[in-house]
Amino acid sequence: MSVAPPPYPNRGATTLSAVTALAQRLSARSGRRRRPARAVDRTVTVEVRTVRHPCDDVVAVELVPAGPAPLPAWRAGAQVDVELPSGLLRQYSLCGDPADRTVYRIAVRAVPGGEGSAQMHRLTPGTRLRLRGPRNAFPLAAAPDHLFLAGGIGITPIAPMVRTVHAAGLPWRLVHTGRDLASMPLSAELATLAPDRVLRRPDDDGRGLPTAAELLAGAGAGTAVYCCGPPPMIETVRRALPAGRRFHSERFSPPPIRDGRPFTVRIAGGPDVAVPADRTALDAVRAVRPDMPYSCRQGFCGTCHVPLLAGTTRDDPAGPGRTALCVARADGDGVVVDLDR
Ligand code: FES
């Protein structure tokens, strides 16, 4: 079976008005350059209402406000920082309905050796948690047509996007890939919205991994393409798209180090730490300070931001006088940081 675009009758005036309506709903972002997400100070206490297992290795958790106030508003693509019972901080996409401020839904796949996902899988109803956020680094943009590509648990930010675009009456398609159907949460639920717009494409159906041509079948010049999944999937799609096409992606892993040069991190009070060209300062520092906290490894959660005492950095989302050890690199030979403030 190939990924054929479904027919979209009456795409003229109806589609134009739907695009306009969605553009108005997305007005704060539409037409602006995408800004990186930043740490969010807002904290909210929630309580675990239900814990389900839609797949063997996926836990779906519903979180409700611990007090009388509704949960903070959010838009499709948003994440929250979850402070786990041990104090670990982890980021998860909200995968429920953005219009429902009575509950947040989160789905987490168990990662071998992953302490954050292990703790999420041990949650029980009634447990209280603190959240920070939501923040959104993967927003929907107004477009006349949308193609959503999700790999495995990458469906979590995509699911509310599908609901938003569907509610706006716009054309959309979803391709959800995964190792087998039993490991692919949420997409069967989304297929109830419009069965002919959802393709669940498991790797074990005899055809192997889907190709870029398969994933992008039917995407026209005006189609906005969204992809969340493993980095190889995102890269495959990115390379296959013609230059200038609208492509939005979110990865669940640290960004690759591009053009890395070695440098030194001098920790106030010692020691000096050599950062090789292909490693992050965070990894190098944790080799000598294993208690150095981190969470997102992508620069935005703020957990590894530390005072920068000397030197300058690039690719650094931390504010003035600070540096994000997980992504920033020294401009010159090295930097001096303070890990104890
Ligand atoms: S900013 Fe999140 S770990 Fe570095």
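What relative contact order, as a whole-number percentage, does the range 43-135 give when Cα pairs under 8 Å and 6 or more residues apart are counted?
Values: 201 pairs, mean separation 37.0, N = 93.
Worked out over the range 43-135, it gives 40 percent.
Could I get the Rg over Rh figure for the chain? Both from C-alpha atoms, Rh via Kirkwood, rounded to two places. Intermediate values should be presented prior to the final figure.
Working: Rg = 21.1 Å, Rh = 21.5 Å.
Result: Rg/Rh = 0.98.
Kindly identify the range 263-337 as rounded, prolate or oblate by the Cα gyration tensor criterion: order the square roots of the eigenvalues as a ≥ b ≥ c, call it rounded if a/c is under 1.5, otherwise compare a/b with b/c, prolate if a/b is larger, else oblate.
On the way: a/c = 1.30, a/b = 1.08, b/c = 1.21.
Because its axes are fairly even, with a/c under 1.5, the range 263-337 counts as rounded.
Dipole of the chain, Cα-centred, from +1 at each Lys and Arg C-beta and -1 at each Asp and Glu C-beta, to the nearest 20 debye?
On the way: 44 positive and 31 negative charges, 191 e Å.
Dipole size: approximately 920 debye.
Starting from the Cα gyration tensor of the range 138-250, take the square roots of the eigenvalues, sort them a ≥ b ≥ c, and report rounded, prolate or oblate (rounded when a/c is under 1.5, otherwise prolate if a/b is larger than b/c, else oblate).
Values: a/c = 1.61, a/b = 1.11, b/c = 1.45.
Note, shape of the range 138-250 comes out oblate.
Quick one: dipole size for the range 263-337, taken about the Cα centre, charges +1 on Lys/Arg Cβ and -1 on Asp/Glu Cβ, in debye to the nearest 20. Numbers along the way, then the final one.
Details: 8 positive and 8 negative charges, 29 e Å.
Approximately 140 debye in magnitude.
Over the chain, calculate the relative contact order: mean separation of alpha carbon pairs under 8 Å at least 6 apart, over the residue count, as a percent.
15 percent
In whole angstrom, how far apart do the alpha carbon centroids of the range 134-148 and the range 259-338 sit?
Spelled out, the Cα-based centre of one part sits 31 Å from the other.
I want to verify a result. In a Gaussian network model of the chain, Cα cutoff 10 Å, which of these has the top mean-square fluctuation: Val58, Val288, Val225?
Comparing Val58, Val288, Val225 in the GNM, the peak value goes to Val288.
If each DSSP helix of 4+ residues adds -39,500 (n - 2.57) and the sum is divided by the residues in the chain, what number results at 222 nm, nearest 500 deg cm²/dmol? Write out the running numbers ahead of the final one.
Details: 7 runs with 60 residues, N = 341.
Calculated at 222 nm, the ellipticity per residue is -5000 deg cm²/dmol.
Projecting each Cα onto the charge dipole of the range 43-135 (Lys/Arg +1, Asp/Glu -1 at the beta carbon, about the Cα centre), which of Ser117, Leu88, Val59 comes out farthest on the positive side?
Leu88
Any read-out appearing in this document is the output of simple, stated calculations on the displayed coordinates, not a laboratory observation. Nothing here was measured: the structure is a model prediction, and the numbers come from that model. Here the Cβ is made from the backbone with ideal geometry for all residues, glycine too, and neighbour counts use every protein chain on show.
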